[in-house]
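Asker: Quick one: the structure is below, and I'll ask about it shortly.
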Amino acid sequence: MEMDETGFRRRHSDEIEKLGEYYRKQLLEDVVPFWEKRIVDPEFGGYFNCFDRDGRLYSDVKCGWFVGRDLYTFSELYRRFGPKETWKSIAEAGRKFLTEKALNPDGRLNRMMRRDGSVLDGETSLFTDHFAVKALFEYIDAFGRKEDIPLAGRLFRTLLKNVSDPRILAVECPDARFRKHAVNFMTLIVAVEGKKLFREEALPVINRCMHDSLYVFAVDSEQAPLEYVAKNGRPLFEGPGRIVDPGHSFESLWFSMKEAYERGDLASLKRAGTVIDWVIDRAYDKEYGGFYQNVDVFHTEPEEPYRSNRYVDIDVAWSDKIWWVQAEALNALAMSALLTENERHYQYFLKQHEFCKEYFSDPEYGEWYSFVKRDGKILSDRKGSELKGAYHVPRCEMLLTSLCGQYPRGRIAL
């Protein structure tokens, strides 16, 4: 899609270009160096992820999520900002560990392993499988590894079958009355990234998942993006059906906008912008800045038991600020602002940029903190855990470097 000269462009191009330079510097001189010098296990292969603020390893468990996530990140870095041999060797360490330790014959991944790859928790995470397939697609693209196409195809087809298997879905959503939005939008992005290789299989999945993200989980009657809807696709405002999850909403929306922009689908871009407004109005903290972890569809503060979540060993309140939620907000706000020249979303992007810069970025040791309290006080200064690693923050900064760097030149290639 070509963009015309506009008042928005004249007002903001210089500032946007500087933001692109900022995120490129943060990515390549702050965040990536934190991970690249310590992420690979030199003895058993695969990745370490559990690091304190200053980069000291406090646990050597191997997380199935990050076999795929880290492989994805360093493959994308190589493709977008390389070639750099360090990134290639990091990616290859993940690719090797994936097939030799994490992957099972049935095409599913182990969720949690000891350092040597022995299993602590096996095939219990559908999202671990999503990340592995997504990573293989990026690895093949970045390094031209055509010999891995059959493996990627087999795992992709297994995943598409499993996302419709009630027994497997029950692990991610134990309440059988509901469908979970996260399963839908993760399947969307895997299909979006797999369409280069498997277009005929991917396109129907993309069409269905994008529609559901924009029109089924996003409910016009309440102007709310819901994390759970009933199996028939209608709202069911009970229990988890009352949850609005800003991070997942933003993630889903920028995935949808990426596909819509590449298709020239202006209606879907406009719809995504509408839903972003709903998230802002419901979940932006007007007093302290940033976005809440989750809110209730009717009362903002959730009912029990949804007022906090356990992140491994830390209780995080609904109003606390979480690294990945803030990163996904940056992604969606910037994408909507620049792809549709939406002034409101641009101003919220600037607010969010300043919030993350002030409260999450660590200028002394690099990377972002994990959690801050609602008022910005640090709740956890860890840089990595079983849930946080070299993924959300570098992915965000890669996207923002690309968006802000290309916008002033009049065309964006996502």
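Asker: How many residues are basic (Lys, Arg) and either modelled with pLDDT under 95 or over 16 Å from residue 171 (Cβ atoms) (or both) if we restrict to region 104-124? Please lay out each step first, then the result.
Answerer: Here is the first cut: in region 104-124, the residues basic (Lys, Arg) are 108, 111, 114-115.
With either modelled with pLDDT under 95 or over 16 Å from residue 171 (Cβ atoms) (or both) added as a condition, the list becomes 114-115.
The number of residues fulfilling the criteria is 2.
The rows are residues; the columns are (1) under 20 Å from the mean Cα position of the chain (by Cα); (2) closer than 23 Å to residue 395 by Cα; (3) of a type outside the set (Phe, Trp, Tyr).
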{"site": "107", "(1), (2), (3)": "no, no, yes"}
{"site": "111", "(1), (2), (3)": "yes, yes, yes"}
{"site": "120", "(1), (2), (3)": "no, no, yes"}
{"site": "130", "(1), (2), (3)": "yes, yes, yes"}
{"site": "145", "(1), (2), (3)": "no, yes, yes"}
{"site": "151", "(1), (2), (3)": "no, no, yes"}
{"site": "158", "(1), (2), (3)": "no, no, yes"}
{"site": "166", "(1), (2), (3)": "no, no, yes"}
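Asker: Has region 234-255 got at least one residue that is in a helix (DSSP H, G or I) and hydroxyl-bearing (Ser, Thr, Tyr)?
Answerer: We begin by selecting, within region 234-255, every residue in a helix (DSSP H, G or I); these are 239-242, 246-255.
Restricting the remaining residues to those that are hydroxyl-bearing (Ser, Thr, Tyr) gives 249, 252.
Yes.
Asker: Any idea how many residues of region 178-233 are aromatic (Phe, Trp, Tyr), surrounded by 15 or more Cβ atoms within 10 Å (Cβ to Cβ) and part of a helix (DSSP H, G or I)?
Answerer: The number of residues fulfilling the criteria is 1.
Asker: For region 276-292, how many residues are assigned to a loop (DSSP other than H, G, I, E, B) and under 19 Å from the mean Cα position of the chain (by Cα)?
Answerer: 2
Asker: Can residue 57 be described as closer than 27 Å to residue 120 by Cα and either touching a Phe, Trp or Tyr at 6+ places or on another chain (Cβ under 7 Å) or among the basic types (Lys, Arg) (or both)?
Answerer: yes
Asker: Could you check, for region 375-389, whether at least one of its residues is without any contact (Cβ under 8 Å) to a residue 60 or more places away in the chain, surrounded by fewer than 19 Cβ atoms within 10 Å (Cβ to Cβ) and not assigned by TED's automatic domain parsing to the domain that holds residue 72?
Answerer: Scanning region 375-389 turns up at least one residue that is without any contact (Cβ under 8 Å) to a residue 60 or more places away in the chain, surrounded by fewer than 19 Cβ atoms within 10 Å (Cβ to Cβ) and not assigned by TED's automatic domain parsing to the domain that holds residue 72.
Asker: Taking the options 279, 295, 325, name whichever one is β-branched (Val, Ile, Thr), closer than 21 Å to residue 369 by Cα and in contact (Cβ under 8 Å) with a residue 24 or more places away in the chain.
Answerer: 325 is the lone residue from the list that is β-branched (Val, Ile, Thr), closer than 21 Å to residue 369 by Cα and in contact (Cβ under 8 Å) with a residue 24 or more places away in the chain.
Asker: How many of the residues in region 108-137 are farther than 19 Å from residue 41 by Cα, surrounded by fewer than 21 Cβ atoms within 10 Å (Cβ to Cβ) and either in contact with a helix residue (DSSP H, G or I) (Cβ under 7 Å, 6 or more places away or on another chain) or of a type in the set (Lys, Arg) (or both)?
Answerer: 2
Asker: List pairs: first residue in region 220-234 and in contact (Cβ under 8 Å) with a residue 60 or more places away in the chain and of a type in the set (Gly, Ala, Ser), second residue part of a loop (DSSP other than H, G, I, E, B) and surrounded by 14 or more Cβ atoms within 10 Å (Cβ to Cβ) anywhere in the structure, Cβ distance under 8 angstrom, at least six positions apart or on different chains.
Answerer: Cβ pairs passing all conditions: 224/297.
Asker: Another question, if that's okay. May I ask you to list the residues in region 23-37 that are free of Cβ contacts under 8 Å to residues at least 60 places away in the same chain and either surrounded by fewer than 16 Cβ atoms within 10 Å (Cβ to Cβ) or aromatic (Phe, Trp, Tyr) (or both)?
Answerer: 25, 29, 37
The values are calculated or read from the model by the stated rules, or taken from the named source; none is laboratory data. Remember, predicted model here, so these are calculated numbers, not experimental data. Methodologically, a virtual Cβ is constructed for each residue, glycine included, from the backbone with ideal geometry; neighbour enumeration extends over all protein chains shown.
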